[in-house]
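Colleague: One structure follows; several queries about it will come next.
The values are calculated or read from the model by the stated rules, or taken from the named source; none is laboratory data. Bear in mind the structure is a predicted one, so any value in this text is a computation, not a measurement. Neighbour counts are summed over all protein chains in view; Cβ atoms, including those assigned to glycine, are modelled from backbone coordinates with ideal geometry. Surface areas here come from the heavy atoms of the whole protein model, side chains and all, with no ligands, DNA or RNA. Shrake-Rupley method; radii C 1.70, N 1.55, O 1.52, S 1.80 Å.
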Amino acid sequence: MAGQIDRLIAVTQLPNVRFGIVPSGIDLPAPAQHGFWLFDDGLLYIEVLHTELTTRDADDVQLYRDYLAALWTADAEGEDARATLLRVQSDLAQTG
């Protein structure tokens, strides 16, 4: 896990990546239900328990863009996210 945390810390510095962490204890503006990926060209990939879906339907893509925008309001980004990762990294180092 220490290697993964180290890599995530590096990712927070990349100019082409938006990285956020939802802190524990935060009430989300929308429930986190399943994984999904939004690509710049209007492609949406959704992965649920029993199947996966790929679509370019504009209404579906917009629904998930709005959902993602709501989730971004609850996250810690930038230096806040980096500080969280540094705390986790320190805790891992102390527990060995």
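Colleague: Please work out if residue 71 is touching a residue at least 40 places away in the same chain (Cβ under 8 Å) and open to solvent by 60 Å² or more (accessible area, probe 1.4 Å).
Modeller: So residue 71 does not fit the description; no.
Colleague: Looking at 62, 89, which one is in a helix (DSSP H, G or I), surrounded by 12 or more Cβ atoms within 10 Å (Cβ to Cβ) and in contact with an Asp or Glu (Cβ under 9 Å, 6 or more places away or on another chain)?
Modeller: Every option except 89 fails the conditions.
Colleague: What is the residue count in segment 2-35 for residues that are touching a helix residue (DSSP H, G or I) at 6+ places or on another chain (Cβ under 6 Å) and of a type in the set (A, V, I, L, M, F, W, C)?
Modeller: The number of residues fulfilling the criteria is 8.
Colleague: Got a number for residues in segment 3-24 being within 14 Å of residue 71 (Cα to Cα) and not aliphatic (A, V, I, L, M)?
Modeller: 5
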